[in-house]
Amino acid sequence: MTAFTDAFQELRAGWRPRATLSVAAFALAALAPLVVGDARLADLAGGLYLACAAVGLAFVVGIAGLPSLAQGAFVAVGAVVAAHLLAAGTPTAVAAILGGVGGGAAGALVGYAFARLPPAGFAAATWIVSWLVAFALLSITWFLGGSQGLVVSGGPTTAQHYELALALTGLAALGYTALVRAPFGLRLAAARDREAAARALRVPVLHVRVLAVAASGAVAGIAGALGVQLAGVADPTQYGPFLSFRLIVVVLIGGALAPLGAPAGVIVLGILSIAADLIGRLENVAASRGHTLLTAILLLGIVSLGWEGIVRAPRRARRGSSGSGPAGSAPAALEARGLGKSYGSIVAAEDVALGIEPGRITALVGPNGSGKTTVLRMIAGAVAPDAGSIDAPRGAVVRTLQATAVFSTLTPLEHVLVASAGRRSRAGFVRSLFATPEARAEDAAFVAYARTLLDRFGIPHDVPAGELPVSDQRALMLAAAKATGASVLLVDEPTAGASAAEASRIVHLLGSLRDEGLALLVVEHNLGVVRRLADRVLVLDAGRVIADGPPDAVAADERVRAAYLGARRL
């Protein structure tokens, strides 16, 4: 009861007029069987099953940034599984669940195979999958009886199907809402905005994308399983590539970044279908061709005009929370020995050895092309060395990128939550989906920690990161790296392009991290910053370490003067 009371209080605090309108719309829609005949009600139920599948697709398209054109294929998989089970006398609920399992498995396979591709490649690959599934359904008669179809009888009444479809669509929208605010959804959004930066913060990009596509496929599979029973016949022609095409058009019309965008898109598509029927009768055009034509024209308009959807994404805000937050990792050291890396005939690093100690800042300097970034990337694990070894505790190392790299659509608070997600033990997909008491309690602790960290770094909490000044974005990159709990920070060019005041701010922040006992390796061109900041300096030239020691001793080294500084003093 305490858990339910806390959840209710959180719900009241976060309630918005949009939520009231949504609940009222669903309540009114539930009364449709009282005023609509069975024939029209069957069409509405079919549309709602389509909307349910589209909500799952919207999560993949909007949050994960993967333009999937295989959602219709996942619907078909669910329909195939359910059709055979229902024909064998399996209860509707069991057939629907197993149809969802089939759709989820298909989604996982597609995600694992293609989620590494860029968006255009992912769209092309999934479109091919839709064609292959459609061809298999028509060619292999065992699936759905070939062109004759497979009769499916029994099950709920039309009115019951309608209410079930409405409930499933509502549940899919609630699941969307829960996941988009959870660490899982934030990690997906981070990878969508800037994949390299997300990987640098230890986001398992492929894992979360595969899971997202699998979840979307499971929703589609359930919708397909129930939809085939509603239709009474498993007709393979209903699961062609045009179904996937319709689903993504629905998502783009309604808005991929809102949980109820897909249902709104289905309503628009339904109105267009009525218009297509009228035009078809007037012009003697087949209804199916009219639907295809209008849908294609609509998609062309959406793409050309940069349409963001009827339903816009709700404003993201997080309630303040008290608490000490999670504990950090114990400081750890890193030792690299004999690192070597070549690209063809070009030697980027040769026999590089360095140690990074807790509570100290090591600066890595050298002329352009000396191999600094290559060494940094090898230590970070982004590049495999050709020779040598790196000893560091597992999960102890994190790096920032050289370019200013933030997730432009996420707030600074969400940045820190993305970075700290790997430290959470109760933020899995299922716990996040059902918003369990333990998951909510852990979330509150991490939100409190994130707010404290942002205040310390002087960064506003809830402004989109893309709107922050460059100096705040640089500070945010350091705050996110700190939030990972790593004990070894690799910082690449933190003051590049910064003014004197901005550089002083970065120097102060790096110094405070050192004072906490963290070990830092900083690649830096600003020699004044190096002199003020570093406890130890390594100088690279042509991939080899030519000097290693305190800043003053390195500045006096004649090899450094000749190779890097000329007549200048460090």
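The values are calculated or read from the model by the stated rules, or taken from the named source; none is laboratory data. Because the structure is a prediction, the values reported are computed rather than measured. A quick note on method: Cβ atoms are made from the backbone with ideal geometry, for glycine too, and the neighbour counts reach across all protein chains shown.
Of the numbered conditions (1) in a helix (DSSP H, G or I); (2) more than 13 Å from residue 143 (Cβ to Cβ), residue 69 fails exactly one; give the number of that condition. Going through (1) in a helix (DSSP H, G or I); (2) more than 13 Å from residue 143 (Cβ to Cβ) one by one, residue 69 breaks only (1). In the range 455-485, the qualifying residues are those that are hydrophobic (A, V, I, L, M, F, W, C) and outside any helix (DSSP H, G or I), and the one that is nearest to residue 411 (Cα to Cα) is 463. Annotation for the range 510-526: at least one member residue is at pLDDT below 85 and either on the phi > 0 side of the Ramachandran plot or surrounded by fewer than 23 Cβ atoms within 10 Å (Cβ to Cβ) (or both). Counting residues in the range 412-428 that are in contact (Cβ under 8 Å) with a residue 24 or more places away in the chain and either among the aromatic types (Phe, Trp, Tyr) or farther than 25 Å from residue 64 by Cα (or both) gives zero. Residue-level analysis places residue 216 outside the set of residues that are surrounded by fewer than 24 Cβ atoms within 10 Å (Cβ to Cβ), out of contact with any strand residue (DSSP E or B) (no Cβ under 7 Å at 6 or more places or on another chain) and part of a helix (DSSP H, G or I).
Does the range 126-142 contain at least one residue that is farther than 30 Å from residue 18 by Cα, among the small types (Gly, Ala, Ser), free of Cβ contacts under 8 Å to residues at least 24 places away in the same chain and surrounded by 15 or more Cβ atoms within 10 Å (Cβ to Cβ)?
Residues of the range 126-142 that are farther than 30 Å from residue 18 by Cα, as a first pass: 126-142.
From what's left, among the small types (Gly, Ala, Ser): 130, 134, 136, 139.
Applying the additional criterion that residues be free of Cβ contacts under 8 Å to residues at least 24 places away in the same chain yields 136, 139.
Filter again for surrounded by 15 or more Cβ atoms within 10 Å (Cβ to Cβ), leaving 136.
Yes: one or more hits.
Restricting 135, 122 to residues that are out of contact with any Ser or Thr (no Cβ under 6 Å at 6 or more places or on another chain), in a helix (DSSP H, G or I), of a type in the set (Phe, Trp, Tyr) and under 24 Å from residue 185 (Cβ atoms) narrows the list to 122. In the range 97-105, the count of residues that are farther than 14 Å from residue 223 by Cβ and in a loop (DSSP other than H, G, I, E, B) is zero. When residue 378 is tested against (1) in the same structural domain as residue 483 (by TED's automatic domain parsing); (2) hydrophobic (A, V, I, L, M, F, W, C); (3) over 30 Å from residue 562 (Cα atoms), only condition (3) is not met. Among the criteria (1) of a type in the set (A, V, I, L, M); (2) touching a residue at least 40 places away in the same chain (Cβ under 8 Å); (3) outside any helix (DSSP H, G or I), the one residue 379 does not fulfil is (3). Only residues that are more than 22 Å from residue 350 (Cα to Cα) and either of a type in the set (S, T, N, Q) or in a loop (DSSP other than H, G, I, E, B) (or both) were counted in the range 382-401, giving 6. Considering only residues in the range 108-122 that are closer than 22 Å to residue 249 by Cβ, at pLDDT 95 or above and in contact with a Leu (Cβ under 8 Å, 6 or more places away or on another chain), the one that is surrounded by the most Cβ atoms within 10 Å (Cβ to Cβ) turns out to be 111. When residue 96 is tested against (1) among the hydrophobic types (A, V, I, L, M, F, W, C); (2) more than 35 Å from the chain's Cα centre (by Cα); (3) closer than 18 Å to residue 50 by Cβ, exactly one condition is not met: (2). Would you mind stating whether residue 335 is surrounded by 15 or more Cβ atoms within 10 Å (Cβ to Cβ) and acidic (Asp, Glu)? The answer is no for residue 335.
If you go through the range 527-563 and keep only what is without any contact (Cβ under 8 Å) to a residue 60 or more places away in the chain and surrounded by 20 or more Cβ atoms within 10 Å (Cβ to Cβ), you end up with 529, 547, 554, 555, 560.
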